[in-house]
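So the structure is just underneath, and the comments pick up after that.
The values are calculated or read from the model by the stated rules, or taken from the named source; none is laboratory data. All values reported here derive from a predicted model rather than from experimental measurement. As a convention, Cβ positions derive from the backbone with ideal geometry for all residues, glycine included, and neighbour counts pool all protein chains shown. These area figures cover heavy atoms from the full protein model, side chains too; ligands, DNA and RNA do not enter into them. Shrake-Rupley method; radii C 1.70, N 1.55, O 1.52, S 1.80 Å.
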Amino acid sequence: MTTLHAHDAAHGHDDHHDHPPHLAHHWDNPKQQFEAGKLGMWLFLATEVMLFGGLFCGYSVYRHNHPEVFAYSSHYLNTTLGATNTCVLILSSLTMAWGVTAAQQNKIGLLKLMLVLTLMGAATFLVIKYFEYTHKFHEGLFPGIKFYEKPGEHSHMWVNVDSAPPGAAEHAATTETAPAGAPASADQLHAASGGAAPASAPAFEIQTVSITPGTGAALPPAEASTVLPAAAGPAGLGTGEAIAIPEAELLRDRHPAHMQPLQDPTRPANMHMFFNIYYMMTGLHGIHVVIGMIVITWLLVKTFKGQFSSEYFTPVDLGGLYWHVVDLIWIFLFPLFYLI
Amino acid sequence: MTTLDISKPLHPTIGEDNYLTHTRGILSWLFTLDHKRIGVNYLVCVLTSFFFGGMFALLVRTELLTPGKTIVEQDAYNQFFTLHGAIMVFLVIIPSIPAALGNFVLPIMLGAKDVAFPRLNLMSWWLWVTGAVFFVGSLFTGGLDTGWTFYTPYSIDKGSAMGGAVSALMGVFILGFSSIFTGLNFIVTIHRLRPPGMTWFRMPLFLWAIYSTAILQVLATPVIGITVALLMFERTFGIGIFDPKLGGDPVLYQHFFWFYSHPAVYIMILPGMGIISELIAVHSHKHIFGYRFIAFSSVAIAIFSFLVWGHHMFTSGQSPLMNAMFSAITFSVAIPSAVKVFNWVATMYKGSISLNTPMLYAMAFLFIFSIGGLTGLHLGTLAVDIHLHDTYFVVAHFHYVMMGSALIAMIGGLHHWWPKMTGKMYNENLGRLACALVFIGFNVTFFTQFFLGTKGGTRRSWDYLPEFQVYHIISTIGSYILAIGFFLTAGYLIHSLFRGKKAPANPWGGRSLEWQCASPPPHDNFATTPTVGDCYDFSTVEWDEKQGTFVVHGEGQPSPAHSHH
Amino acid sequence: MSTSRLIAIALIVLTILGGIALVIAGDTMWFPRKASTVAPQMDLVFNIITWISIFFFVLIMVVMFWFAGEYHTGRQAKATSDVTHNTPLELTWTIIPLILVIAIFYVGLEGYLNLRVAPVGAYDVRVTAQKWSWLFEHSNGASEANVLRVPLNRPVRLLMQSKDVLHACFIPAFRVKQDIVPGRISTIWFEAKEAGEFDLFCAEYCGKDHSMMRAKVIVKPEAEFIADLKEAAELHKKLSDSELAQYAMSKLYVRCQSCHSLDGKRGTGPSWRETNANWNKERVFKDGNKEVVNENYIRESILNPGLHIVETFTNAMPTFKGQLDDRQIAALTLAIKNLQHFDNAGKLKAGEAIDWQIPGGFPGLYGGDGSVPANGGAASSPATIPPSNTP
């Protein structure tokens, strides 16, 4: 907003003011400029709330309509890492606020320290998020349609039938490594559906599939319904056939969160929706953390240049406000995704 | 505030330094921090976009002269109406009054040197330009045929809707931020840069209107931002939030979209209403009637506009309860608008009316906005809307309020402030002629469409039944008359830049602060501290033949607050 | 009298006349026939709003024009009045409109709620909307494209679904409309009280041929309605091949015509005239593959159109799987194969002795001289294609 470089090229600076260097020409006094800056920042934060508000609304609607999806899927999130991130962000808000106070008290050295600590907190947050995301991608929990592709070779959660204990083979309904019912490739989807859309956005058939969990066998698909049921989703996105895993295996150390969803017969339809909303919201939040880091770095640079003092620290104050809102949004996100 | 420099004369004549001549060169315009230059930049951009949007409109109307193909096939036609709508809504009407006229006038009306955040203002303009580039980009990345509303699942299905959608959606996203930052700037400016003596209830009504609009811009626009972002992700990654094939809900998209787009239409009309208040008061030389009501109604309309988005979705499958609630609240929004119209007409009572071009546009506004608002009653009524939804009745209604009202108000305001902005007077007779052409052309074009709609003529239809053809032909002829009116306007306005008479500081006899600085204003807006009184008290305004301008008597002393009759 | 006064009076007179004209012209100027039981009520609500609107509009405009003429004083006028507000007046013109709009809201709500709930015992028709045609299925198995048969004086409920994008069912003469949302079944009801033919439109933009997605609603008294439906249900079961081809051209082709022409003109899809000319010849596709144009190719194109797309065309055809049974697919195949016997309007060329190219066919099987009976009526002999078991 209003900063130090108020003398634009177009303005001939022929009248001699004795105003402080940070006061822009259209303001009467520094206090007026500061108040205006604050009002402007609060308005901007209101827009951020409205931006995320839309996503929170989407979350509420889907959670209300499909509670089973959220109840099941939230187990795939690592609560420890999430809690750690929450603490990190709260601490970084503390250091930021401390920094503002330091500026107010003209303790510029302390301000520098606090800004650096805040920056480190933000970086830690992003690093932890990086690990969370890559782990999920590793397990095949992608956003969008990629969710329904078989995860890579080194997925921890995937059970290869070949490596299943002896005795599993006689129960196996199929020896394929891809679960039947989940398409191996988008092209297969496309061909199977006879849809008009190109392969990158396949049109699906709707098939109702009944399975009996644990038997490894599926009843033949019912006659293709011509009605698109909203919640069921297409074949492969609905409850699908599962790889044959004997009962004993099913029970032993098989917390739902340790099973790749595509192999879990009890997974609810459309569970990809949870991950979509999760990635959209935490992704947008992550982008705002990055923006916050850029802002704090810029503040740090200006602090080192000696441009802040107890007389003028408006950008620090406003940057602090922004950081607090970023933190606040995470404080809402954490329980909504990780805890409930 | 302003620097006190009483050595400079009150009204410097043209030839002396003003904002147009203060610095030279294209870069001094592209990277200016002067709100006036930014306003002019916006004006050029908005009017250029209006030209292109209008061209698409003429193509649409020409195609509709006959059922089936007249000049183009369906795919081209579908792109024409989509681009016409998207360009007009996002690139023209939403920014036009606030960003083009508001940027210029608002600080001067406040006696200020600039807006609160000049750099942010410049960024807003560059965001507009970037957004426009992405928009145009959609033409080169596959075209755009989803309608300006981008309804799902059609807009998601890459097999059907054209590929330019993502580029256009990115454009909308960026344009949204342009709008947000402009609104933010204006709110802070009005809060913090009012001069001493200008309390809230001494502000010109144009500023109340801009303020209410700014609230809408700040709070509503982020929602369209997130909506188009979600839509872009839907299209590229298939996240499924709006796609029934992936477990999503297409009606949820409509809720998201209209939650912004309904307040958006009030972003379009509220500034127009603000302009009308100025035009009628000044050109009738009469205090505005019912100042407080008009001021409060602007804010009330802004607040209520957040509560009625569902009236675009009466047939979407929404529950009857929601439909009833939205319908009821919609009617409550109608009342403040209606009373404003009564107030404006009452302002003319016992006025001393000069039928200048701006006044003629204001009267045209009253005529057209009344029809537009009244037909809104039909559409807000549940039983009737079932028949009228998605027919030409809706098309006629929104053109009456968006084009015939908001845009006409903008053009009226442009004529009103043209002498101030350019220092030149345009040809008054041509102005009146063009106003008549625009008025007649507009009504012929769009009144016909009310009948077309009630008869069952669906919108966005390249082909139609032969019995509808006569309506389409009349409507198209009207659109050509309308176009001639606009071309004539452009002609004499551009001509006035080179050959127009020199404009005095106060050609119309206004009392708000912008008429107390030179035409065009100097770089810093005011040479001396302006007088702040009742901006609608014209009793102290008189034509000075010698100076060739209106002057405000008793300068230096604030006039008493508005007098009672 | 000054010019401005004259103009003002002229405008006042024009406005009043215009208002009167609109009121007198009444319904016929605005609406199609009132063909359903709710239409009169809807039109009445519309008229009430319109009359109120015209009244206030004329009033405001008359006052405005009068003031403009009366108080016009030229460019350099001086203010003469300081009237700024009048609280009783402002209150009056706030409260009266408020009461009026509450009344309008109420009558609107009443009419709407009536539309939302179908009467008990309404006759159900299943509707499938797809880019860019309609399919109507009745309880006796009759399924017709772009034709909706309904009985007179009997409530009818439509259960509508979409196979792809948003559509909307709009019947102006009945004053009903409802969006069809993919993923749900939407309902709408009406009771036709006038016999005849009415238009049904798609009222939600759905892509290229949205404006051509039309159907005809045919209202007949109950007895005739039942007879028509019976005929529709039986229609393609007992036909011989020649009659099947004619059945395809007269009853099924309506769903294909928006994209496939009969006269060789290129549309969204290839013209059937061209396909017919290429029968038993190879066709090249976009992916470089080739296939011979024969019965299998037609079947595949109907059920899985995205698989092979002819060069220079796009993948725009939806699948008809689940909507056309085997017999109907056979009918279409026969029609395309024998298109040389049909003119560009889809009618059998008059006076031709038609050899249906049925290999090994027997003279005498189909009529004395081997030609098709002129009326295309039910065959007196078993068709060569065994009837399928599906209705």
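What to note about this one:
- Looking across the stretch A:105-130, just one residue is among the charged types (D, E, K, R), under 20 Å from A:Phe313 (Cβ atoms) and part of a helix (DSSP H, G or I), and that is A:Lys112.
- Just one residue in the set C:Ala374, C:Ala345 is in a loop (DSSP other than H, G, I, E, B) and at pLDDT 85 or above; that residue is C:Ala345.
Yes or no, residue by residue, for (1) modelled with pLDDT under 95; (2) closer than 27 Å to A:Tyr130 by Cα; (3) in a helix (DSSP H, G or I); (4) not aromatic (Phe, Trp, Tyr):
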{"residue": "A:Ile277", "(1), (2), (3), (4)": "yes, yes, yes, yes"}
{"residue": "A:Thr282", "(1), (2), (3), (4)": "no, yes, yes, yes"}
{"residue": "A:Gly286", "(1), (2), (3), (4)": "no, yes, yes, yes"}
{"residue": "A:Ile291", "(1), (2), (3), (4)": "no, yes, yes, yes"}
{"residue": "A:Ser310", "(1), (2), (3), (4)": "yes, no, no, yes"}
{"residue": "A:Ile329", "(1), (2), (3), (4)": "no, yes, yes, yes"}
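- Within the stretch B:128-137, the set of residues being of a type outside the set (Phe, Trp, Tyr), closer than 19 Å to B:Ile93 by Cβ and open to solvent by less than 40 Å² (accessible area, probe 1.4 Å) comprises B:Val129, B:Gly131, B:Ala132.
- Test: C:Lys216 is of a type in the set (Lys, Arg) and not in a helix (DSSP H, G or I): yes
- Residue count for the stretch C:96-112 satisfying the condition of being more than 8 Å from every other protein chain (Cβ to nearest Cβ) and either surrounded by 15 or more Cβ atoms within 10 Å (Cβ to Cβ) or aliphatic (A, V, I, L, M) (or both): 4.
- Test: residue in the stretch A:56-66 that is charged (D, E, K, R) and open to solvent by less than 50 Å² (accessible area, probe 1.4 Å): no
Conditions (1) in contact with a Lys or Arg (Cβ under 7 Å, 6 or more places away or on another chain); (2) buried (at least 19 other Cβ atoms within 10 Å of the Cβ); (3) under 16 Å from A:Ala102 (Cα atoms), marked per residue:
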position	(1), (2), (3)
A:Met281	no, yes, no
A:Leu284	no, no, no
A:Val290	no, no, no
A:Leu299	no, yes, yes
A:Gly306	no, no, yes
A:Phe313	no, yes, yes
A:Gly320	no, yes, yes
A:Val325	no, yes, no
A:Leu328	no, no, no
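- Criterion violated by C:Ala21 - all others in (1) at the interface with chain B (Cβ under 9 Å from one of its Cβ atoms); (2) on the phi < 0 side of the Ramachandran plot; (3) without any contact (Cβ under 8 Å) to a residue 12 or more places away in the chain satisfied: (1)
- Residue in the stretch B:188-204 that is over 28 Å from B:Phe526 (Cβ atoms) and either among the small types (Gly, Ala, Ser) or in contact with a Lys or Arg (Cβ under 8 Å, 6 or more places away or on another chain) (or both) present: no
- Residue match in the stretch B:234-246 (condition: open to solvent by less than 10 Å² (accessible area, probe 1.4 Å), at pLDDT 95 or above and within 14 Å of chain C (Cβ to nearest Cβ)): no
- Comparison of C:Phe136, C:Phe170 shows that the only residue that is within 12 Å of chain B (Cβ to nearest Cβ), surrounded by 19 or more Cβ atoms within 10 Å (Cβ to Cβ) and assigned to a strand (DSSP E or B) is C:Phe170.
- For the stretch C:139-153, the set of residues classified as buried (at least 20 other Cβ atoms within 10 Å of the Cβ) and closer than 13 Å to C:Tyr123 by Cα consists of C:Leu148, C:Arg149, C:Val150, C:Pro151, listed by residue number.
- Residue count for the stretch C:24-60 under the criterion of being in contact with a strand residue (DSSP E or B) (Cβ under 9 Å, 6 or more places away or on another chain), away from chain B (no Cβ under 11 Å) and of a type in the set (A, V, I, L, M, F, W, C): the result is 1.
- Top-ranked residue in the stretch C:281-333 [being of a type in the set (Ser, Thr, Tyr) and within 17 Å of C:Ala248 (Cβ to Cβ); ranked as surrounded by the fewest Cβ atoms within 10 Å (Cβ to Cβ)]: C:Tyr297
- Entry remark, the stretch A:26-58: residues being touching a residue at least 60 places away in the same chain (Cβ under 8 Å) and of a type in the set (Lys, Arg) number 1 in total.
- On inspection, B:Phe173 qualifies as of a type outside the set (A, V, I, L, M) and over 17 Å from B:Thr48 (Cα atoms).
- Failed item in (1) more than 11 Å from chain C (Cβ to nearest Cβ); (2) over 30 Å from B:Leu482 (Cα atoms), with B:Gly274 passing the rest: (2)
- None of C:Trp93, C:Trp66 is in contact with a Phe, Trp or Tyr (Cβ under 6 Å, 6 or more places away or on another chain), aromatic (Phe, Trp, Tyr) and within 10 Å of chain B (Cβ to nearest Cβ) except C:Trp93.
- Pair list, Cβ < 6 Å and 6+ apart or interchain, from the stretch C:113-129 residues that are in contact (Cβ under 8 Å) with a residue 40 or more places away in the chain and within 14 Å of chain B (Cβ to nearest Cβ) to residues that are open to solvent by 40 Å² or more (accessible area, probe 1.4 Å) and assigned to a strand (DSSP E or B): C:Ala118/C:Arg157
- Residue check for C:Asp179: touching a residue at least 24 places away in the same chain (Cβ under 8 Å), under 23 Å from C:Gly267 (Cβ atoms) and open to solvent by less than 40 Å² (accessible area, probe 1.4 Å): no
- Total residues in the stretch A:24-36 satisfying the condition of being surrounded by fewer than 22 Cβ atoms within 10 Å (Cβ to Cβ) and under 37 Å from the mean Cα position of the chain (by Cα): the figure is 2.
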